[in-house]
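The values are calculated or read from the model by the stated rules, or taken from the named source; none is laboratory data. Because the structure is predicted, anything quoted here is derived from the model rather than measured. Note: ideal-geometry Cβ built from the backbone for every residue, glycine included; neighbour counts use all protein chains shown.
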Amino acid sequence: MATNLLDYDLDGLTEYFASIGEKPFRAKQVLRWMHHFGADNFDAMTDIAKSLREKLQNQAEIRVPEMITGQESDDGTRKWLLNVGTNNGVETVFIPEDGRGTLCVSSQVGCALECTFCSTGRQGFNRNLSTAEIIGQLWWANRAMGRDPGGERIISNVVMMGMGEPLANYDNVVRAMRIMLEDNAYNLSRRRVTLSTSGLVPAMDRLRDDLPVALAVSLHAPNDALRDEIVPINKKYPLRELMAACVRYMEKAPRDFVTFEYVMLDGINDTIEHARQLAGLVRDVPCKFNLIPFNPFPNSGYRRSSNDNIRRFRELLQQAGYVVTTRKTRGDDIDAACGQLAGQVEDKTKRQMRRIIEIRS
Ligand code: SAH
Ligand code: SF4
């Protein structure tokens, strides 16, 4: 099969051109055409000699994942389903906000971690996305959203918060994020690219050394007993290790805080006592909190905390000296809110089947 040039960051593309006997500066040119100008064919690359364009046509391609459907919510949120192979689709969400436009990007088809309140987690796992499929989401969304009248791209921020655990697909995600930051491509600053993880400690340390972007950590529980239950990866990397990894990450992070995400589940993790424990747990980590009202999906078994409980929880953390925001629910009329992304996953882990058997027995 022809080499998909969307799989390469600048270093990779430079090596590729060397391997076909071409000058290294071609890499910058081609990267710029593909990502800055959004070209999906070699004919468009007018400052490249025709002979080289023909050579590329014969052995390479620019293969963007195909968009199957697009939907728009009443609040301006948009969601696209991308075809990533037979029976598999992943979702990408654009969220317009005052002064910025954020794209929520998926990293895997499904997710192998089984957080109990997450729709993606329920669906099981098929495979990692390739670099081309990850950066292809930004490519598509930029084509769809375009630029504002001042010539600035509408998409100004990226959050790796779609389907999948980005640090479980480390190499492809880091390569895609390098393309996001590259000035010949999307030219986003490290502060405007946020990676969210459920807490894969060794990979957090790697990221800190390789490409320290803004970091969000899905905390969701203030003690190991509860976190073991709702974010099972906690059994492998318990809270003490996770907090220490956050402190280490801060040494190189582009922002001077970690964002702790905390889903508000009625009667599960939202009491005053939980808030107190939480304030103590994160004492040594420079951080902010982002409370996410639980977004329901069929048969989740959970309810969203009441607004009163969310407010009380927030106030307690604020009194303890923390900055806390409550995430506004966006796009829930098109199932585009946090934790609702389901896409289409041909589950290789047979998780849905296991659940049915568990429920029956
Ligand atoms: N796998 C990564 C990133 C994707 S999820 C992670 O877990 O961090 C983005 C955020 O939405 C995470 O904090 C996740 O825990 C949260 N989330 C998952 N399901 C949710 C739901 N049903 N309602 C609200 N937030 C949810
Ligand atoms: Fe995977 Fe994140 Fe969902 Fe957990 S919350 S199952 S890590 S996508």
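Collect the residues in the range 13-32 that are among the acidic types (Asp, Glu) and outside any helix (DSSP H, G or I), keeping them in residue-number order.
If the condition is that a residue be among the acidic types (Asp, Glu) and outside any helix (DSSP H, G or I), then 22 is the only one that fits.
On the stretch given as the range 294-338, residues that are more than 16 Å from ligand 2 (Cβ to nearest atom), buried (at least 20 other Cβ atoms within 10 Å of the Cβ) and aromatic (Phe, Trp, Tyr) total 1. In summary, residue 88 fulfils each of the numbered conditions (1) in contact with a helix residue (DSSP H, G or I) (Cβ under 9 Å, 6 or more places away or on another chain); (2) closer than 30 Å to residue 229 by Cα; (3) buried (at least 17 other Cβ atoms within 10 Å of the Cβ) with the single exception of condition (1). Of the residues making up the range 125-136, none is closer than 16 Å to residue 218 by Cβ, surrounded by 20 or more Cβ atoms within 10 Å (Cβ to Cβ) and out of contact with any helix residue (DSSP H, G or I) (no Cβ under 6 Å at 6 or more places or on another chain).
Selection of first residues in the range 77-100 that are on the phi > 0 side of the Ramachandran plot and of second residues that are at pLDDT below 90, restricted to Cβ pairs under 9 Å at least 6 apart or on distinct chains, gives the following pairs, ordered by first then second residue: 85/346; 87/344; 87/345; 87/346.
Only one of 291, 281 is surrounded by 13 or more Cβ atoms within 10 Å (Cβ to Cβ), within 16 Å of ligand 2 (Cβ to nearest atom) and modelled with pLDDT of 95 or more. Can you tell me which?
On inspection, the qualifying residue turns out to be 291.
So that you can scan it fast, the table gives a plain yes or no per residue for (1) within 16 Å of ligand 2 (Cβ to nearest atom); (2) buried (at least 20 other Cβ atoms within 10 Å of the Cβ); (3) modelled with pLDDT of 95 or more:
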| site | (1), (2), (3) |
| --- | --- |
| 147 | no, no, no |
| 156 | no, no, yes |
| 163 | yes, yes, no |
| 175 | no, yes, yes |
| 191 | no, no, yes |
| 197 | yes, yes, yes |
| 205 | no, no, yes |
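Can you confirm whether residue 61 is at pLDDT 95 or above, away from ligand 2 (no atom under 16 Å from the Cβ), more than 15 Å from residue 164 (Cα to Cα) and of a type in the set (Asp, Glu)? Here the answer is yes, as residue 61 does meet what is asked. The strands (runs of 3 or more DSSP E) falling completely within the range 33-112 that include 3 or more residues that are over 17 Å from the mean Cα position of the chain (by Cα) map to 66-72.
In the set (1) within 16 Å of ligand 1 (Cβ to nearest atom); (2) farther than 30 Å from residue 19 by Cβ; (3) among the charged types (D, E, K, R), the condition left unmet by residue 127 is number (2).
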